[in-house]
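Some notes on the structure that comes next.
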């Protein structure tokens with residue numbers, strides 16, 4: 001029983017982690033907290049659905065097309081909506097991401113307002129039994145996809161010159177611009193990249209959650225909780241936070257009360273902000289004066 | 001000269017547009033306002049609006065009622081109380097409707113019912129099933145669908161109709177809707193059969209996994225699971241129950257459609273142990289329901305009819321019956337009186353007749369369950385059927 005709860009918790013946690021990862025990558029590279037990321041995730045899932053189920057492309061092509069569309073969407077949002085207000089107060093950019101969320105959700109409602117669509121699993125095989133643990137192929141894909149993204153971005157930021165450059169440009173944009181780095185270009189690229197991650201996440205998760213215009217809102221809260229728990233801006237922290245929240249939900253739901261599952265993420269946000277404001281892996285911010 | 005012109009103009013207007021005392025009633029039309037969630041996450045329930053409108057269009061094609069055609073004005077409330085208030089104000093103040101046939105979400109109905117009562121606008125519920133809607137009693141408000149008390153009672157009675165049933169578990173949302181349904185089922189089980197709910201679990205909205213709940217149910221081994229859940233979470237429960245090999249029958253609520261659950265689960269094998277409340281006489285996909293489906297398709301060719309599309313058709317037929325009984329000199333009071341005189345009205349679509357009276361406006365007091373048998377939707381009044 002415990003092993004099954006842990007396995008299911010890891011699957012749920014991976015869903016939270018992959019969304020938290022996209023938000024963390026953007027925060028780390030541009031300093032923007034993306035409140036519209038749930039809607040991008042939804043848009044990615046619907047894009048795969050349209051290309052595969054409506055247009056009839058093979059799944060791999062549909063997936064690649066969806067990622068391409070989301071990358072372009074992310075870049076367009078940065079260029080047209082964020083960049084013009086980038087030098088304004090942070091709250092203006094945050095509100096712009098909220099507006100993006102409502103805009104994308106509204107468009108989805110316009111076309112699919114009455115539908116909750118089923119997304120076929122990527123691999124349609126019977127559940128897999130590992131001892132007493134039951135997992136579906138989709139569960140394994142979610143865990144695998146999440147881990148692959150984490151490793152890829154960890155290597156990108158920690159081991160590549162471009163990754164380090166992006167972090168530097170995010171922390172001191174004026175200094176980066178003075179030495180000739182195209183900071184707005186970097187930011188636009190990262191908006192595209194994280195939108196692409198949203199398409200990957202939507203593709204992995206939609207067969208589990210099903211497709212509907214508001215599908216991103218609920219998961220966004222869990223992803224925020226994961227980011228808060230792990231430490232804002234910390235890639236490993238976001239993933240660890242997501243996994244821990246997923247595990248804790250399952251264990252608390254079984255051993256304490258099922259009513260605890262839904263409020264757990266909010267409890268995490270409250271407790272962590274009070275007891276450990278920088279999260280379990282976050283660093284305390286120091287300002288030189 | 002100007003005065004004479006004005007008097008003549010007023011006289012001409014009076015001749016060409018005879019003034020009727022009742023709002024929304026003209027020489028050749030009766031205006032009915034419909035409001036429902038046509039977009040948003042609850043829009044699956046808003047499909048009831050299309051069924052009702054199809055019935056009104058059909059009577060128009062047959063010549064109308066006492067020479068008047070029904071003119072429908074449809075508004076989208078998005079299942080949001082504030083939007084419902086705006087929609088109803090527009091319908092009554094701007095569109096000047098005779099009556100309202102609307103409300104699929106109980107919250108939106110609660111938000112507008114007092115205002116409509118003050119204006120004495122007849123208010124026939126489209127699909128909102130909360131029993132609290134007709135409590136306290138309101139003279140202008142009618143509920144021609146099985147309400148939550150009826151549904152919860154039917155679910156318990158169906159479970160207890162299987163010989164040997166001794167343990168019933170309950171899983172619900174923790175919102176007002178879930179708790180109200182759970183309370184009615186719990187009380188009915190205790191009062192009618194002397195049993196307590198053996199296990200009560202929560203499953204919140206938008207949850208994406210039901211592993212802890214299924215594992216607890218598998219441990220407790222109940223004879224039935226009553227699921228007071230919305231459609232998405234019901235599908236999640238059915239899917240995860242199948243994933244973990246749980247074969248306990250799961251009974252769904254009125255807000256859950258058999259075919260919608262099948263589509264969401266995407267696996268007929270998972271549907272083997274799922275039953276849900278069913279308000280209609282003909283089974284889904286049967287030849288008997290075909291005329292109703294065709295009626296909707298005739299006026300809304302892009303609409304894919306499903307369980308919720310038929311929900312308000314019985315109520316619309318009751319409205320038409322009352323409009324006929326109220327006679328050609330139609331007033332709101334006459335209409336309300338005619339609605340209260342409807343007794344054992346067989347709509348042909350609902351499996352229980354509609355009956356209203358001067359002190360009871362909850363019109364449908366029964367129902368059935370539906371499940372797949374040999375791949376076909378089958379209506380069951382009791383387990384042994």
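The values are calculated or read from the model by the stated rules, or taken from the named source; none is laboratory data. Because the structure is predicted, anything quoted here is derived from the model rather than measured. A quick note on method: Cβ atoms are made from the backbone with ideal geometry, for glycine too, and the neighbour counts reach across all protein chains shown.
Of the strands (runs of 3 or more DSSP E) contained entirely in region B:141-238, those carrying at least 1 residues that are within 14 Å of another protein chain (Cβ to nearest Cβ) and surrounded by fewer than 22 Cβ atoms within 10 Å (Cβ to Cβ) fall at B:199-202. With the structure loaded, tell me whether residue B:33 is on the phi > 0 side of the Ramachandran plot and outside any helix (DSSP H, G or I) or whether it fails that test. So residue B:33 fails the test.
The requirement of being within 14 Å of chain B (Cβ to nearest Cβ) and assigned to a helix (DSSP H, G or I) is fulfilled nowhere in region A:20-36; no residue meets it.
The set of residues in region A:233-262 that are surrounded by fewer than 20 Cβ atoms within 10 Å (Cβ to Cβ) and closer than 16 Å to residue A:22 by Cα contains only A:236. The condition (being under 13 Å from the mean Cα position of the chain (by Cα) and either in a helix (DSSP H, G or I) or at pLDDT 85 or above (or both)) is satisfied by just one residue among A:206, A:217: A:217.
So for region B:181-192 (the condition being without any contact (Cβ under 8 Å) to a residue 40 or more places away in the chain and in contact with a helix residue (DSSP H, G or I) (Cβ under 6 Å, 6 or more places away or on another chain)), does at least one residue qualify? Yes - at least one qualifying residue is present in region B:181-192. Screening the candidates B:307, B:293 for the property of being assigned by TED's automatic domain parsing to the domain that holds residue B:59, surrounded by fewer than 24 Cβ atoms within 10 Å (Cβ to Cβ) and farther than 30 Å from residue A:249 by Cβ yields one hit, B:293.
Here region B:39-66 is the region considered, the condition is being more than 13 Å from chain A (Cβ to nearest Cβ) and part of a loop (DSSP other than H, G, I, E, B), and the residue that is surrounded by the most Cβ atoms within 10 Å (Cβ to Cβ) is B:64. What number of residues within region B:97-121 are assigned to a loop (DSSP other than H, G, I, E, B) and under 17 Å from the mean Cα position of the chain (by Cα)? Of the residues in that region, 3 qualify. Only one of the numbered conditions (1) farther than 30 Å from residue A:8 by Cβ; (2) outside any loop (DSSP other than H, G, I, E, B); (3) within 14 Å of chain A (Cβ to nearest Cβ); (4) at pLDDT below 95 is violated by residue B:302, and that is (2).
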